[in-house]
Amino acid sequence: MKTATTLTADVTVEKVDTLHVAYLRHVGPYQGDGELFGRLWGQMCKWAGPRGLLASPDTQMLCLYHDDPTVTEEAKLRLDICITVPEDTAVDGEIGKMALAGGDVAVARFELDPKQYGDAWTAVYGGWLPESGYQPDDRPAYERMVGDPKDHPEGKHTVDICVPVKPV
């Protein structure tokens, strides 16, 4: 039985610029599948590394979610593993490219154990959002990876949950 989250979201609303990203898409179940995320990130880094796309300190690593897992069948869930790239970056093979429209984004930073990602999303959507004066807009929500869990003293994942919003 799923219990309510004990996480709370400390959220700021930021105006972000349009992000140009290279992405690798997965369709199907993904929740709690660390092996899948490891494989997808490995594939993205294998493509991006030789092109010098991971060398910039401004490069952001994102997990972009197109669907609400409480509504969409697991087999149809779409997830994109993304890195920010210069707008003129050429892509090939399984790697695609898109622009994420800028605008207001609610950003909540968490330090998580791998099994707490769902709780973090619940803290934002179920805790902060209903009382915020904002509602989600039509742009996809994403996680922005901050640092490497190997560098965290407790091995936790530092992540920003980013939810594009508009006033109610």
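Read the figures in this text as sums done on the coordinates, not as results from a lab. Everything quoted here is computed from the prediction, not taken from an experiment. Positions of Cβ are generated from backbone atoms using ideal geometry, with glycine treated the same way; all protein chains shown enter the neighbour counts.
Using the C-alpha gyration tensor of the range 113-153, what are the square roots of 5 times its eigenvalues, in whole angstrom, with the largest one first? Can you show the working numbers first?
On the way: eigenvalues 123, 33, 15 Å².
The three semi-axes for the range 113-153 are 25, 13, 9 Å.
Expressed as a whole number of Å, what is the distance separating the alpha-carbon centroids of the range 10-60 and the range 125-168?
15
What's the magnitude of the charge dipole for the range 44-168 around its Cα centre, counting Lys and Arg as +1 and Asp and Glu as -1 at the beta-carbon? Answer in Debye, nearest 20. Could you put the intermediate results ahead of the total?
Values: 12 positive and 22 negative charges, 37 e Å.
That gives the range 44-168 a dipole magnitude of about 180 debye.
Check residue 97: other-chain or 5+ apart residues with amide H under 5 Å from its amide H, H built from backbone geometry?
23
Could you work out the equivalent-ellipsoid semi-axes for the range 1-69, taking the square root of 5 times each eigenvalue of the Cα gyration tensor, largest first, in whole Å?
Values: eigenvalues 137, 80, 28 Å².
They are 26, 20, 12 Å, listed from largest to smallest.
Going 7 Å from the Cα of residue 94 in the Cα-to-Cβ direction, what parts of the range 14-39 have a backbone nitrogen less than 19 Å from that spot?
The answer is 21-39.
What FRET efficiency do you get for residue 73 and residue 135 if R0 is 22 Å and r is their Cβ-Cβ distance, rounded to the nearest 0.05?
0.35
With a 10 Å cut-off between alpha carbons and a GNM built on the chain, which of 21, 91, 13 moves the most?
Largest GNM mean-square fluctuation: 91.
For the range 1-145, state the average projected area of the convex hull of the C-alpha atoms over all orientations, rounded to one decimal in nm². Each step should come with its number before you reach the end.
On the way: hull surface 38.2 nm².
Its Cα hull, projected and averaged over all orientations, spans 9.5 nm².
What FRET efficiency, computed as 1/(1 + (r/R0)^6) with R0 = 30 Å and r the Cβ-Cβ distance, is obtained for residue 17 and residue 168, rounded to the nearest 0.05? Present the calculation step by step, with values, prior to reporting the outcome.
Values: r = 24 Å, r/R0 = 0.81.
Computed FRET efficiency for residue 17 and residue 168 comes out at 0.80.
Go from 0 up to the bin containing the longest alpha carbon distance in the range 82-168, width 10 Å each, and give me the % of pairs per bin.
Going out from 0 Å in 10 Å bins, the range 82-168 shows 15, 38, 32, 14, 1 percent.
Using +1 at the Cβ of each Lys and Arg and -1 at the Cβ of each Asp and Glu in the chain, identify which of 69, 81, 126 lies farthest towards the dipole's positive end.
81
Highest GNM mean-square fluctuation, the chain, Cα pairs closer than 10 Å: which of 50, 86, 136?
Highest fluctuation of the listed residues: 50.
With contacts defined as alpha carbon pairs under 8 Å and 6 or more residues apart, what's the relative contact order of the range 13-157 in percent?
On the way: 185 pairs, mean separation 53.3, N = 145.
The normalised contact order for the range 13-157 reaches 37 percent.
Cross-chain or 8 or more residues apart, Cα under 21 Å: how many lysine pairs in the chain fit that? Count them up, please.
Numbers: 2/115; 15/166; 46/97; 46/150; 76/97; 115/150; 115/156.
The result is 7.
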